[in-house]
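Read the structure below first, then the notes.
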Amino acid sequence: MESHTGQIANVSSGQVEYTLAGKGHTVLVSHGTLGGFDQGLAIAALFKQDRFRFLCVSRAGYLRSTPQTGRTPDEQAHTYAELLDHEGIDKVALLGVSGGAPSAIRFAQNYPDRCCCLVLLSAIVAKPPPMPAFFRTMIRFQDVMMRVDPLWRLAYRFGLKQLVSSNGLTPDQTDQVLQDPHLRRVVRGIYQPITNASRRRRGMRLDHEQINALPDSPNYELNGPVFIGHAANDPLAPVAHAQELADALLHANFVELPDGGHIFFVVHSQKLIPQIEQFLKTNAPDGR
């Protein structure tokens, strides 16, 4: 995918940063924790760019999106709706990844006439159990650590393999991803946000607060088509929560893969992405 810079849209609660890439069905990407529109673009690169147009948003507090645009998942969903108005887009598909899932779900729930379908990958849909030590440390000291960009640039430059494997990948899977030129570009894009983490710490703080406020089990009401993909060994978002959500919905496609951890959708992209593309093609509107 070609390089993109973020645009700014003024909404009622502040400003939101975003970019558009590709052509075809419009898919709004709600990125994961410590992400931004740039992480959304990296994930979008797994898909065919001549079939889908990706609206990649920096969620509240990330990069140049102000915290007021999404102190709760409902507020973030409202910002998505206003951004669609700004761009003259009537209806979109939503792709919610990890910590971006709650706002994607709320958009599908609160604006059903503007959401043709919802895709959730490694989604945090309920209050998770204690995270692995690496992530607990990040969260505990995030306000200090997220200010020290040189530290994270070193971690990114010399520790990418460790960052990838910390998400639940086996050594063989880590090597497989990093040795494939395309998948390596994707994972580098997913983790590159840590190199300027100071510009994302407000968003990470909001995510931490919102995730802690989630119910113990998913209790959403969604009537439209939903695709839920998850790895059985995800260390950050329990697969049981994803299964419970799928079981509660009338129109849910649930795909569980045995491994790949929190970025299973990269590890198993050859198998998984065509299924998601078919789901989007079936349910998403053409063009704007």
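The values are calculated or read from the model by the stated rules, or taken from the named source; none is laboratory data. All values derive from a computational prediction rather than experimental measurement. Note that we place each Cβ from the backbone using ideal geometry, even for glycine, and neighbour counts take in every protein chain shown.
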For Glu244, the lone unmet condition from (1) of a type in the set (Asp, Glu); (2) under 22 Å from Gly70 (Cα atoms); (3) part of a helix (DSSP H, G or I) is (2)
Index of the failed condition, Ile89 passing every other in (1) surrounded by 24 or more Cβ atoms within 10 Å (Cβ to Cβ); (2) in a loop (DSSP other than H, G, I, E, B); (3) touching a Ser or Thr at 6+ places or on another chain (Cβ under 8 Å): (1)
Is there a residue being under 23 Å from Val29 (Cβ atoms) and in contact (Cβ under 8 Å) with a residue 60 or more places away in the chain anywhere in the stretch 171-181? yes
Listed by first then second residue, the pairs whose first member lies in the stretch 234-254 and is farther than 16 Å from Asn283 by Cβ, whose partner is of a type in the set (Lys, Arg) and assigned to a helix (DSSP H, G or I), with beta carbons under 8 Å and at least 6 positions apart or on separate chains, are none
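On the basis of being assigned to a helix (DSSP H, G or I), of a type in the set (D, E, K, R) and modelled with pLDDT of 95 or more, does Glu209 make the cut? I'd like the intermediate steps shown before the answer.
Values: assigned to a helix (DSSP H, G or I): yes; of a type in the set (D, E, K, R): yes; modelled with pLDDT of 95 or more: no.
For Glu209, the condition - assigned to a helix (DSSP H, G or I), of a type in the set (D, E, K, R) and modelled with pLDDT of 95 or more - is not met.
Okay, residues lined up against (1) buried (at least 24 other Cβ atoms within 10 Å of the Cβ); (2) not in a strand (DSSP E or B):
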{"site": "Thr26", "(1), (2)": "yes, no"}
{"site": "Gly32", "(1), (2)": "yes, yes"}
{"site": "Gly40", "(1), (2)": "yes, yes"}
{"site": "Cys56", "(1), (2)": "yes, no"}
{"site": "Arg71", "(1), (2)": "no, yes"}
{"site": "Gly99", "(1), (2)": "yes, yes"}
Please indicate, with yes or no, whether at least one residue in the stretch 121-134 is modelled with pLDDT of 95 or more, outside any loop (DSSP other than H, G, I, E, B), under 20 Å from the mean Cα position of the chain (by Cα) and surrounded by 15 or more Cβ atoms within 10 Å (Cβ to Cβ). yes
Quick one: would you say His230 is in contact (Cβ under 8 Å) with a residue 60 or more places away in the chain, assigned to a helix (DSSP H, G or I) and buried (at least 16 other Cβ atoms within 10 Å of the Cβ)? no
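Of the residues Gly203, Gly260, which is over 27 Å from Ala60 (Cβ atoms), crowded, with 21+ Cβ neighbours inside 10 Å and in contact with a strand residue (DSSP E or B) (Cβ under 8 Å, 6 or more places away or on another chain)?
Result: Gly260 is the single residue among Gly203, Gly260 that is over 27 Å from Ala60 (Cβ atoms), crowded, with 21+ Cβ neighbours inside 10 Å and in contact with a strand residue (DSSP E or B) (Cβ under 8 Å, 6 or more places away or on another chain).
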Restricting the stretch 263-283 to residues that are β-branched (Val, Ile, Thr) and under 20 Å from Ala45 (Cβ atoms), the residue that is surrounded by the fewest Cβ atoms within 10 Å (Cβ to Cβ): Ile273
List every residue pair whose Cβ atoms sit under 8 Å apart, with the two residues 6 or more apart in sequence or on different chains, where the first one lies in the stretch 264-284 and is part of a loop (DSSP other than H, G, I, E, B) and the second, anywhere, is polar (S, T, N, Q). Ala284/Thr26
Exactly one of these conditions fails for Leu249: (1) closer than 30 Å to Asp172 by Cα; (2) touching a strand residue (DSSP E or B) at 6+ places or on another chain (Cβ under 8 Å). Give me its number. (1)
